[in-house]
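The values are calculated or read from the model by the stated rules, or taken from the named source; none is laboratory data. Remember, predicted model here, so these are calculated numbers, not experimental data. With ideal geometry, Cβ positions are generated from the backbone for all residues, glycine too; neighbour counts draw on all protein chains shown.
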Protein chains: 4
Amino acid sequence: MKIAVIHGSSRQNGNAEYLAYHAVPKEKATHIHLQDYHIQQIIDERHEVKGFKNVHDDHKELIDLMLRHEIIVFSTPIYWYSLSGPMKTFIDRWSQIMRDPNYAHFRGELKKKKAYLIAVGGDNPTIKGLPLVQQFNYICQFFGMEFAGYVLGQASKPGDIKNNKRALDEAAVLVTEINL
Amino acid sequence: MKIAVIHGSSRQNGNAEYLAYHAVPKEKATHIHLQDYHIQQIIDERHEVKGFKNVHDDHKELIDLMLRHEIIVFSTPIYWYSLSGPMKTFIDRWSQIMRDPNYAHFRGELKKKKAYLIAVGGDNPTIKGLPLVQQFNYICQFFGMEFAGYVLGQASKPGDIKNNKRALDEAAVLVTEINL
Amino acid sequence: MKIAVIHGSSRQNGNAEYLAYHAVPKEKATHIHLQDYHIQQIIDERHEVKGFKNVHDDHKELIDLMLRHEIIVFSTPIYWYSLSGPMKTFIDRWSQIMRDPNYAHFRGELKKKKAYLIAVGGDNPTIKGLPLVQQFNYICQFFGMEFAGYVLGQASKPGDIKNNKRALDEAAVLVTEINL
Amino acid sequence: MKIAVIHGSSRQNGNAEYLAYHAVPKEKATHIHLQDYHIQQIIDERHEVKGFKNVHDDHKELIDLMLRHEIIVFSTPIYWYSLSGPMKTFIDRWSQIMRDPNYAHFRGELKKKKAYLIAVGGDNPTIKGLPLVQQFNYICQFFGMEFAGYVLGQASKPGDIKNNKRALDEAAVLVTEINL
């Protein structure tokens, strides 16, 4: 199955990125770094007469790329107990995609996919990251997408994650599952 | 006590805004609409040798304005079971403020404040909005800020919230408390 | 619609009881006090060849009584961030009822009912009671029963709840809804 | 460090028990099976003039036994998205212990301990077991006890857990940590 890993960090070589590569090595998947793309925040125009105005950025390109894979791994540093800014913006814009006549297939396509979440934070993420897991679960539920697993890693300074044996082990278990 | 209401919607006259005005009428507070300001997403440069690069937008002006009040009401539509984009971006950038030598007082100031959360969503918010409440609680806890109350309203189309008697009543209770 | 209020306290005149009577006055509903009944803890015999052994206590009588109402209000003091002992035991035994051939209708009957939760605790219940609300939601979901609302009250010493204006107001809102 | 594993199942050879033995083998710890003891439900007499009446059961013996260990592993099947009945009753009675003059040291002793949670359920426990994890965290927080880790396993029928490779792997990681 084709795997895409969407990296949500706003910096390079972060801890979430490290953990995600540990779960899904470079050559096994399409790795997408949101920081390399330009994605505007959503402006809620769902209820405007003319609907959403066209936005000139890279969002649709990313959506197209994502949809070409069966397994999507969302890897994000935890910003204030939630998704990173780039990841949140990427997902917020799905509300616009869902109203785009060219993407009438979006919801149905997501329903066929398997999602994983990898999230890394500095403040007790195995507890304080649970609301994020629950939200992510509601997102998957909305689309009927299978939420197949998550790993919560603890790290603050660059490289910290290498000492979080438990998260690394859990990520390694994911690899095995995904490759089945 | 001086009250600031921070409105996180990306559109005007939304349901969260209506509910927030119901809790804190126009003339009783400073009402700040994030959509009227330019706030860039955070780029995590906490671990760069030179720290965060200066950002030219309205964020510090908003921080200064917020800090001049004792009670802060965060009013947000629920985007994908979490804060709206503008509200998330506003809060994400606090990580940069905390490392700004001109804002050494930021954390200590927030500690003295009382926070309320008003959140409105279309998909069963009194249940599916609970992870958002829990996250918001962790944010308050981080600063030692009192999380004094929340209201979760249900609404999708413009004006829907006017039919959510329970949320309106709960918002009205907040008014009474805040004015004490 | 016929309303049953199930009181889960292990003592009389507790704060949860007071709040529940505030939401549903004595004469408007059948009030059931679990402390007046004998209910044994479940012994998990789901996987025994002979199934569950018959238990001689008041559980079935309570189930029969509950099923004769359309709206069920579960009122419980919060014990260690969860249901009270009597309420937990009452619900745990539903697993046995579901395997009792005389109660083949149990699941289908619950599906038609509307449930409310009233929970009172001493340690920041509007936040620390949220996992209890989420669990209760999963219970309702399991049966396809509508989870129509909840009130979280704060109180420790007897009578404390009378000072929790917000919870009393929220309970009063429930009354209105239920009587519709 | 001395380890106690408290097994909360109401039957023998259950899936939670299997997972707990996988994390902490028989000979490495004191294994306590609550089903072998008689523990009465708590009657809330905190506010009675004379306080709690003495209860003649095995609870204090179990408390004494628990306090003689540094690491406590709570292993429980998930009953209705929460602790098993025996585990809930065991913990509920802590409220009585805390008011027993012979156990003035109880709270202080728990503060020095490390707690782990192992919970096994049949209905999507890695998501629907999260409120249980959050509650357990609040219990630990109440005592200032370190909540050092948890494993959520999926299983319904006897033996199912042997196929939950991910939970077994996570339990195995716990062993390593505990033995350090």
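Being in contact with a Gly (Cβ under 6 Å, 6 or more places away or on another chain) and more than 14 Å from chain A (Cβ to nearest Cβ) is the filter; apply it to the stretch B:153-167 and report the residue that is surrounded by the most Cβ atoms within 10 Å (Cβ to Cβ).
B:167
Residues that are of a type in the set (Asp, Glu) and over 19 Å from residue D:143 (Cβ atoms): does the stretch D:20-41 have at least one?
Checking the stretch D:20-41: at least one residue is of a type in the set (Asp, Glu) and over 19 Å from residue D:143 (Cβ atoms).
Residues are listed down the side, and each one gets a yes or a no for (1) closer than 28 Å to residue B:59 by Cα; (2) more than 14 Å from chain A (Cβ to nearest Cβ); (3) modelled with pLDDT of 95 or more; (4) touching a Lys or Arg at 6+ places or on another chain (Cβ under 6 Å):
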{"residue": "B:90", "(1), (2), (3), (4)": "yes, no, yes, no"}
{"residue": "B:103", "(1), (2), (3), (4)": "yes, yes, yes, no"}
{"residue": "B:169", "(1), (2), (3), (4)": "no, yes, no, no"}
{"residue": "B:176", "(1), (2), (3), (4)": "no, yes, no, no"}
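Quick one: which helices (runs of 4 or more DSSP H) sit completely within the stretch C:1-99 and have at least 1 residues that are among the acidic types (Asp, Glu)? Walk me through how you get there before you give the answer.
Numbers: elements: C:15-23, C:59-67, C:85-92, C:94-97.
Hits in the stretch C:1-99: C:15-23, C:59-67, C:85-92.
If you go through the stretch A:6-35 one residue at a time, how many are buried (at least 16 other Cβ atoms within 10 Å of the Cβ) and either of a type in the set (A, V, I, L, M) or without any contact (Cβ under 8 Å) to a residue 24 or more places away in the chain (or both)?
Going through the stretch A:6-35 one residue at a time, the tally reaches 10.
Looking at (1) more than 11 Å from every other protein chain (Cβ to nearest Cβ); (2) in contact with a Lys or Arg (Cβ under 8 Å, 6 or more places away or on another chain); (3) free of Cβ contacts under 8 Å to residues at least 40 places away in the same chain; (4) surrounded by 18 or more Cβ atoms within 10 Å (Cβ to Cβ), which is the only condition residue C:144 fails?
If we test residue C:144 against (1) more than 11 Å from every other protein chain (Cβ to nearest Cβ); (2) in contact with a Lys or Arg (Cβ under 8 Å, 6 or more places away or on another chain); (3) free of Cβ contacts under 8 Å to residues at least 40 places away in the same chain; (4) surrounded by 18 or more Cβ atoms within 10 Å (Cβ to Cβ), just (4) comes out false.
Picking from A:71, A:39, which residue would you name as being of a type in the set (A, V, I, L, M, F, W, C) and in contact with a strand residue (DSSP E or B) (Cβ under 6 Å, 6 or more places away or on another chain)? Let's see the steps before the verdict.
Numbers: A:39 fails: in contact with a strand residue (DSSP E or B) (Cβ under 6 Å, 6 or more places away or on another chain).
Among A:71, A:39, only A:71 is of a type in the set (A, V, I, L, M, F, W, C) and in contact with a strand residue (DSSP E or B) (Cβ under 6 Å, 6 or more places away or on another chain).
Mind listing just one residue for me: the one in the stretch C:92-101 that is touching a helix residue (DSSP H, G or I) at 6+ places or on another chain (Cβ under 6 Å) and within 11 Å of another protein chain (Cβ to nearest Cβ) and, of those, farthest from residue C:142 (Cα to Cα)?
So the residue we want is C:93.
Could you check, for the stretch C:110-128, whether at least one of its residues is within 11 Å of chain D (Cβ to nearest Cβ), free of Cβ contacts under 8 Å to residues at least 24 places away in the same chain, farther than 22 Å from residue D:95 by Cα and not charged (D, E, K, R)?
Among the residues of the stretch C:110-128, not one is within 11 Å of chain D (Cβ to nearest Cβ), free of Cβ contacts under 8 Å to residues at least 24 places away in the same chain, farther than 22 Å from residue D:95 by Cα and not charged (D, E, K, R), which makes the answer no.
Within the group B:85, B:149, which residue is within 9 Å of chain A (Cβ to nearest Cβ), within 13 Å of the chain's Cα centre (by Cα) and either under 17 Å from residue B:22 (Cβ atoms) or modelled with pLDDT of 95 or more (or both)?
Every option except B:85 fails the conditions.
Kindly check whether there is at least one residue in the stretch D:154-162 that is of a type in the set (Lys, Arg), touching a residue at least 12 places away in the same chain (Cβ under 8 Å) and at negative phi.
Initially, the stretch D:154-162 is screened for residues of a type in the set (Lys, Arg), giving D:157, D:162.
Of the ones still in play, those that are also touching a residue at least 12 places away in the same chain (Cβ under 8 Å) are D:162.
If we keep only those that are at negative phi too, we end up with D:162.
Yes, because at least one residue in the stretch D:154-162 is of a type in the set (Lys, Arg), touching a residue at least 12 places away in the same chain (Cβ under 8 Å) and at negative phi.
With the requirement that a residue be touching a strand residue (DSSP E or B) at 6+ places or on another chain (Cβ under 8 Å) and among the basic types (Lys, Arg), what does the stretch B:83-140 give you?
Scanning the stretch B:83-140 gives B:88, B:113, B:114, B:128.
Take the residues of the stretch B:21-72 that are away from chain A (no Cβ under 14 Å) and of a type in the set (S, T, N, Q): which is farthest from residue B:111 (Cα to Cα)?
Result: B:54.
Consider the stretch D:36-94. How many of its residues are free of Cβ contacts under 8 Å to residues at least 60 places away in the same chain, among the basic types (Lys, Arg) and over 22 Å from residue C:77 (Cα atoms)?
1
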